[in-house]
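Below: the structure, in structure tokens.
The values are calculated or read from the model by the stated rules, or taken from the named source; none is laboratory data. As the structure is a prediction and not an experimental result, all values here were calculated from the model. Positions of Cβ are backbone-derived with ideal geometry, glycine not excepted, and every protein chain shown enters the neighbour counts.
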Amino acid sequence: MLKADLGAVNSKTITVNKDYWDALPGEVKTALTEVAVEYRDHVAGIAMDRAAASRDAYVKQGGTIVEMSSEDRATWAAAIPNIAAEWAQGLDAKGEDGTAMLNTYLGKLKDAGYTGVRDWSIASN
């Protein structure tokens, strides 16, 4: 097994479309808003626990985990198309501010102490 640690995102979110959201009673919107982060953290914790158990079982059965070097990780990340920018620019083309959404998300990661293998941001319009 290769441990590449490229910084993949595994989102755990509650989503509804705008028309559905707008039709919900205020108390339901409040309840969903209040528990959304708790739900995300709980489900993410379950996913991380399962991943750790799977890795442990793999090693227990004789599997080997090879960690990618930081140099190889950077090379691989640099070779990947910037799909984050493509996504943001696609939203920009539809009149949404995808560039701002992407850069805000990346800024929050940076503020939380995360340093990515590659800079996925794009210049603002």
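When Ile46 is evaluated against the numbered criteria (1) closer than 22 Å to Met1 by Cβ; (2) without any contact (Cβ under 8 Å) to a residue 60 or more places away in the chain; (3) surrounded by 14 or more Cβ atoms within 10 Å (Cβ to Cβ), which criterion, by number, is the only one it fails?
So Ile46 meets the others, but not (3).
Of the residues in segment 71-102, how many are among the small types (Gly, Ala, Ser) and either in contact with a strand residue (DSSP E or B) (Cβ under 8 Å, 6 or more places away or on another chain) or in contact (Cβ under 8 Å) with a residue 40 or more places away in the chain (or both)?
Number of matching residues: 3.
Do you know which of the residues in segment 7-26 that are modelled with pLDDT under 85 and not β-branched (Val, Ile, Thr) is surrounded by the fewest Cβ atoms within 10 Å (Cβ to Cβ)?
Among those that are modelled with pLDDT under 85 and not β-branched (Val, Ile, Thr), it is Ala8.
Has segment 15-30 got at least one residue that is touching a helix residue (DSSP H, G or I) at 6+ places or on another chain (Cβ under 9 Å) and either touching a residue at least 24 places away in the same chain (Cβ under 8 Å) or of a type in the set (Phe, Trp, Tyr) (or both)?
yes
Asp5: acidic (Asp, Glu) and closer than 20 Å to Asp119 by Cβ, yes or no?
For Asp5, the condition - acidic (Asp, Glu) and closer than 20 Å to Asp119 by Cβ - is met.
Within segment 55-79, which residues are of a type in the set (Gly, Ala, Ser), closer than 16 Å to Ala4 by Cα and assigned to a helix (DSSP H, G or I)?
Hits for segment 55-79 are Ser70, Ala74, Ala77, Ala78, Ala79.
Could you tell me which numbered condition Met68 fails, if it satisfies all but one of (1) under 18 Å from the mean Cα position of the chain (by Cα); (2) of a type in the set (A, V, I, L, M, F, W, C); (3) surrounded by 11 or more Cβ atoms within 10 Å (Cβ to Cβ)?
Among (1) under 18 Å from the mean Cα position of the chain (by Cα); (2) of a type in the set (A, V, I, L, M, F, W, C); (3) surrounded by 11 or more Cβ atoms within 10 Å (Cβ to Cβ), the lone unmet condition for Met68 is (1).
Determine, yes or no, whether Val35 is surrounded by 12 or more Cβ atoms within 10 Å (Cβ to Cβ), free of Cβ contacts under 8 Å to residues at least 24 places away in the same chain and not in a helix (DSSP H, G or I).
no
Given the structure, is Tyr105 outside any loop (DSSP other than H, G, I, E, B) and more than 15 Å from Arg118 (Cα to Cα)?
So Tyr105 fails the test.
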